[in-house]
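Here's the structure, in structure tokens; my notes come after.
The values are calculated or read from the model by the stated rules, or taken from the named source; none is laboratory data. Keep in mind the model is a prediction, meaning the values are calculated, not measured. Every residue, glycine as well, gets a Cβ built from its backbone with ideal geometry; the counts of neighbours run over all protein chains shown.
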């Protein structure tokens, strides 16, 4: 497992308290009405980071230096950011409009049905995963949960990573998908993109699959993951505006070359370059940046530009050792974009000392997702239905009811 090759694949045990010197104040103002108590401080940066934009270039400035002045200008700037990143990482093919979903088997579990599924993720490629569908009358909000393999998220792996299982218990449809980053090979599928962009493209196809399931509300689909899965979920949600929200668990939300696990320079993320390779691990003069990562960093780009693409959709950074409170300097740029668009309370971060997920940090994720995705929750109070966006952002159609579900005989 990639992050385990170069660092500990972790998320921790105690949350940084909401009182004391880091108590949240200022920044994006008060959170939206109805925010669950344990999340109340998550939407506001600590006083020492309130309004601090760090050294990051503002995404509210066009490449030619003109400022973005209104929502129409942001729409154009948003397209400029997307064009820049796709231009460096490689352009996607058109996502699969009707991915095939094959049901390999079903099993009753507690208050939901667990289906073993095979899903079309790219032209000529499928992967197996698990679809958890709660009992009751749908359609339900849904979450795509991504990681190295699909078993961990359904409770068959390391502790505190059973995200799909816990979400199903709370009334979400959950699709657990895993891909080994060392075996992605997008070029083998005829897709000339960086691996991390390929994972986002795969997620666009998985969104299409979920949106067409009769059990799923297509307006209320989010994506989440931890560590490697957090990086995957971040790129998926930022590059595809149809995801209504996202939760990123300690992925490293900025480029940070001092952190072994914030390793976007590696070939399984953004460091693929045909004909060149480098020793794995921290960058050194002998083993410098290569690939898209080199172009992005040397071009002055950072991941805060992608965070800005989330606006006005809500997202939560469940920060640990790789995403401490000072990451608010980058997140404040997404706050600024939301503020310019007329929205508050869309950017949240919780913190804990280590990388491993904890019961407390996971509970905050689940409360956040319930708040922003469930009918009658924060998503309805935040100004527009989850997943809705201007016609110009609906790049690909996403209508329910057309997915091809195949059941084996006797299933």
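Each residue in region 346-367 was checked for being under 14 Å from residue 50 (Cα atoms) and surrounded by fewer than 22 Cβ atoms within 10 Å (Cβ to Cβ), and 0 pass. Within region 185-228, the set of residues being assigned to a strand (DSSP E or B) and either surrounded by fewer than 24 Cβ atoms within 10 Å (Cβ to Cβ) or under 14 Å from the mean Cα position of the chain (by Cα) (or both) comprises 217, 218, 219, 221, 222, 223, 224, 225, 226.
Here is a yes/no grid of residues against (1) assigned to a loop (DSSP other than H, G, I, E, B); (2) over 28 Å from residue 370 (Cα atoms); (3) modelled with pLDDT of 50 or more:
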| site | (1), (2), (3) |
| --- | --- |
| 3 | no, yes, no |
| 9 | yes, no, no |
| 26 | yes, no, no |
| 30 | yes, no, yes |
| 38 | no, no, yes |
| 59 | yes, yes, yes |
| 73 | no, yes, yes |
| 79 | no, yes, yes |
| 85 | no, yes, yes |
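You will find that of 137, 114, 183, the residue that is under 30 Å from residue 82 (Cα atoms) and either without any contact (Cβ under 8 Å) to a residue 60 or more places away in the chain or touching a strand residue (DSSP E or B) at 6+ places or on another chain (Cβ under 6 Å) (or both) is 183 and no other. Being in contact with a strand residue (DSSP E or B) (Cβ under 9 Å, 6 or more places away or on another chain), assigned to a helix (DSSP H, G or I) and at pLDDT 95 or above holds for only one residue in 132, 165, and it is 165.
Restricting attention to region 249-260 and to residues that are part of a loop (DSSP other than H, G, I, E, B) and under 17 Å from the mean Cα position of the chain (by Cα), the residue that is surrounded by the most Cβ atoms within 10 Å (Cβ to Cβ) turns out to be 250. Within region 72-107, the set of residues being under 21 Å from residue 274 (Cβ atoms) and without any contact (Cβ under 8 Å) to a residue 60 or more places away in the chain comprises 87 only. A single member of 360, 344, 326 is modelled with pLDDT under 95 and at negative phi, and it is 344. Which numbered condition trips up residue 267, out of (1) within 30 Å of residue 165 (Cβ to Cβ); (2) in a loop (DSSP other than H, G, I, E, B)? Condition (1) is where residue 267 drops out. Scanning region 306-351 for residues that are outside any helix (DSSP H, G or I) and farther than 22 Å from residue 256 by Cα returns 311, 312, 313, 314, 342, 343, 344, 345, 346. Scanning region 135-162 for residues that are touching a helix residue (DSSP H, G or I) at 6+ places or on another chain (Cβ under 7 Å) and part of a loop (DSSP other than H, G, I, E, B), we see that the one that is modelled with the lowest pLDDT is 158.
Of 244, 236, which residue is buried (at least 24 other Cβ atoms within 10 Å of the Cβ), touching a helix residue (DSSP H, G or I) at 6+ places or on another chain (Cβ under 6 Å) and under 15 Å from residue 308 (Cα atoms)? Only one candidate passes the filter, namely 236.
Matching residues to (1) within 23 Å of the chain's Cα centre (by Cα); (2) buried (at least 19 other Cβ atoms within 10 Å of the Cβ):
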| position | (1), (2) |
| --- | --- |
| 65 | no, no |
| 104 | no, no |
| 108 | no, no |
| 111 | no, no |
| 123 | yes, no |
| 132 | yes, yes |
